[in-house]
1. Suppose we filter the range B:254-298 for residues that are in a helix (DSSP H, G or I), open to solvent by 10 Å² or more (accessible area, probe 1.4 Å), modelled with pLDDT of 95 or more and of a type in the set (A, V, I, L, M, F, W, C); how many remain?
2. Considering only the range B:1-22, state which residues are at pLDDT 90 or above and over 23 Å from A:Ala102 (Cβ atoms).
3. Looking at the structure I just gave you, is B:Val229 over 22 Å from B:Ser345 (Cβ atoms) and assigned by TED's automatic domain parsing to the domain that holds B:Ile375?
4. For the range B:126-136, indicate whether the set of residues that are away from chain A (no Cβ under 14 Å) and either surrounded by 17 or more Cβ atoms within 10 Å (Cβ to Cβ) or in contact (Cβ under 8 Å) with a residue 60 or more places away in the chain (or both) is non-empty.
5. Could you tell me which of the residues B:Ile205, B:Ile169 is of a type in the set (Val, Ile, Thr), farther than 17 Å from B:Gly275 by Cβ and in the same structural domain as B:Cys107 (by TED's automatic domain parsing)?
6. Suppose we keep only residues that are closer than 11 Å to B:Asp284 by Cα and not hydrophobic (A, V, I, L, M, F, W, C) within the range B:331-347. Which one would you say is least open to solvent (accessible area, probe 1.4 Å)?
7. Which of (1) of a type in the set (S, T, N, Q); (2) over 12 Å from the mean Cα position of the chain (by Cα); (3) more than 28 Å from B:Met263 (Cα to Cα); (4) at pLDDT 90 or above does A:Gln22 not meet, given it meets every other one?
Amino acid sequence: MKKLLYKAGTVFSQLILDIVCQGIDAVSKYDRVVQRELSGFPENTIMGFSAVMDGKPSCVIKKNGAFHKVKDHTIQPDILISFKSLKAAYAVLLGIDSVKTAYLNYRLYYKGDLMLSAAILRIMDRVESYLFPDFIMKRLLSMKPVRQVSKILIYGTVISSLLGFNKGVSYENT
Amino acid sequence: MKIPEFYEHTTGKRVISGVDALSHIPYELKMAGVTKPIIVTDVIVCKLPFFKKMLESLKVSGFADFDLFDQIPADSPVTIAEQIAIQYTSAECDGIIAVGGGSVLDCAKSVNLLVSTGATKVESVMGMDHIPGNLKPFIAVPTTSGTGSEATKVAVVSDPIKKIKIEIITEKIIPTVSVLDPEATISLPAKVTASTGFDALTHAIEALYSLQSNPLSRVEALTAIELIVGNIENVIKNPKDIYSRLALANGSYLAGCAFSNAMVGGVHAIGHAAGAVCHVAHGDIMSVLLPAVMKANLIATKEITSELLYWLEGAEVFSSTPVEKRAEKAIESIINIRKRLKVISGLPETLSDLKIDRSQFEEIINKALDDGASITNPVSLTREFVFKILESSL
């Protein structure tokens with residue numbers, strides 16, 4: 001039973017991470033600060049998030065100045081960010097900890113170019129500021145980022161993607 | 001002090017500290033099950049008397065069959081690490097001895113990752129906390145008292161083709177044995193001793209107030225500060241003073257333990273950037289930036305900087321200084337140490353001393369904000385924050 005619950009928790013967390021990746025995709029399309037951060041990333045860099053170490057990651061790819069959600073979960077990302085435990089994943093996905101706090105508390109496993117880690121954490125700060133309600137965001141982030149577009153626009157873009165209007169790019173097309 | 005909500009801490013596995021510590025290397029190799037080590041070093045170290053003595057002791061102790069690579073250049077290029085890994089495998093070595101400064105030790109860490117994981121490219125093993133399994137036995141002999149690489153889980157190597165730095169953070173690369181022998185640092189010139197010593201001091205101070213600081217790293221950092229501050233001037237005035245050399249080596253090791261876990265902060269973020277843009281010695285830029293960053297961080301670090309005064313100046317000065325003035329006095333103490341080191345060794349105090357001017361600020365700021373060390377500074381690094389520090393350090 002415990003094994004089943006763990007499995008269910010992993011699947012649930014990965015689903016949320018899929019939504020987070022849709023969020024990164026949406027925010028990077030509209031937010032100039034994120035776009036500026038992305039200018040330092042090599043073209044076609046794939047960044048993946050996994051709820052557990054051996055899980056299949058949800059990925060985004062940097063292309064033409066923005067991140068795009070990647071459809072398939074079987075690719076090997078250039079940068080893989082994974083949680084060391086499912087509880088650590090819950091804490092971030094439920095807005096108890098920010099990604100930066102998880103990083104500072106050694107709750108994450110990071111494979112890939114660490115020179116991009118500062119920029120990634122700043123991007124995630126901004127993504128969190130769009131995805132989470134303000135009362136959570138205030139608690140999570142020490143400095144409140146100034147949002148450049150409305151949260152509704154980001155929510156709308158994420159929801160339309162989830163409904164299938166934006167299916168993401170397939171790895172073969174990259 | 002406040003206990004962090006959650007932390008991890010890893011210290012070095014084994015330290016041998018003292019006169020003739022180098023003579024214990026054959027014993028350590030035997031205990032680790034090594035029969036044929038590869039020794040990696042650079043062209044300068046391999047000519048030093050202590051190194052020759054170390055090779056002799058290996059030869060007479062049943063390790064005459066060792067392999068040697070003595071051409072590691074500065075900045076540890078990945079190509080060299082990959083080349084050494086091939087040499088290691090073809091010579092059927094089963095352990096590594098690295099003798100040198102930070103570049104040599106970091107290069108050896110990369111070699112160990114390659115030969116232990118079977119990877120052929122350093123790029124494929126970069127990351128943080130990501131390497132499973134155990135690595136090969138690895139003995140580190142530092143020849144400077146500064147980088148702390150002999151204690152850390154961090155390795156930075158360069159890719160000269162892509163013109164990037166590759167950073168690896170994993171406890172697996174911490175040397176199996178660190179050998180702190182004063183003879184290994186005795187020929188270090190005064191200026192290099194001051195510069196690398198200030199680097200070690202910066203490691204300890206930044207680790208003390210880093211966002212990843214924890215109770216264990218604080219103990220290491222404070223002891224490191226006491227040892228470095230108490231001995232650095234004497235080592236420069238009396239370079240053959242074995243006791244002070246050893247104390248400084250221990251200080252550097254402990255500072256390495258502290259920052260290996262707590263990481264560093266703004267001084268290193270801006271210092272790495274200035275080093276890349278202006279090609280200045282790492283310890284020199286640390287000495288220029290440390291007081292300015294400490295001042296700028298005071299908004300978040302007043303309490304711990306106040307405590308620092310005790311370790312810098314002793315109980316008498318600490319108790320006679322009003323509580324609200326202790327933090328400023330601690331920074332003043334650092335500035336005074338730097339002033340004295342400038343007189344006896346030529347350590348730089350300002351950016352102008354390093355021939356860095358305002359025209360280079362923009363590039364330095366851009367690089368500093370992307371440096372990994374910026375993540376753990378207690379005050380968020382912004383363009384304005386970095387600019388202010390650079391301006392005040394001119």
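The values are calculated or read from the model by the stated rules, or taken from the named source; none is laboratory data. These numbers come from a predicted model, not from an experiment. Please note: Cβ atoms are built from the backbone with ideal geometry, for glycine as well, and neighbour counts cover all protein chains shown. Side chains included, ligands, DNA and RNA excluded: accessible areas come from the protein's heavy atoms. Shrake-Rupley method; radii C 1.70, N 1.55, O 1.52, S 1.80 Å.
1. Here the count works out to 5.
2. Hits for the range B:1-22 are B:Arg14, B:Val15, B:Ile16, B:Ser17, B:Gly18, B:Val19, B:Asp20, B:Ala21, B:Leu22.
3. Numbers: over 22 Å from B:Ser345 (Cβ atoms): no; assigned by TED's automatic domain parsing to the domain that holds B:Ile375: yes.
When the stated conditions are applied, B:Val229 does not pass them.
4. yes
5. On the way: B:Ile205 fails: in the same structural domain as B:Cys107 (by TED's automatic domain parsing).
Within the list B:Ile205, B:Ile169, the selection yields B:Ile169.
6. As a first pass, look at the range B:331-347 and keep what is closer than 11 Å to B:Asp284 by Cα: B:338, B:342, B:346-347.
Checking the rest, the ones that are also not hydrophobic (A, V, I, L, M, F, W, C) come to B:338, B:342, B:346.
Working: B:Arg338: 22, B:Lys342: 74, B:Gly346: 44 Å².
Checked the range B:331-347; the qualifying residue least open to solvent (accessible area, probe 1.4 Å) is B:Arg338.
7. So A:Gln22 meets the others, but not (2).
Condition check ((1) crowded, with 18+ Cβ neighbours inside 10 Å; (2) modelled with pLDDT under 95; (3) outside the structural domain of B:Phe259 (by TED's automatic domain parsing)) across all residues:
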| position | (1), (2), (3) |
| --- | --- |
| B:Glu349 | no, no, no |
| B:Ser352 | no, no, no |
| B:Leu369 | yes, yes, no |
| B:Gly372 | yes, yes, no |
| B:Asn377 | yes, no, no |
| B:Leu381 | yes, yes, no |
| B:Val386 | yes, no, no |
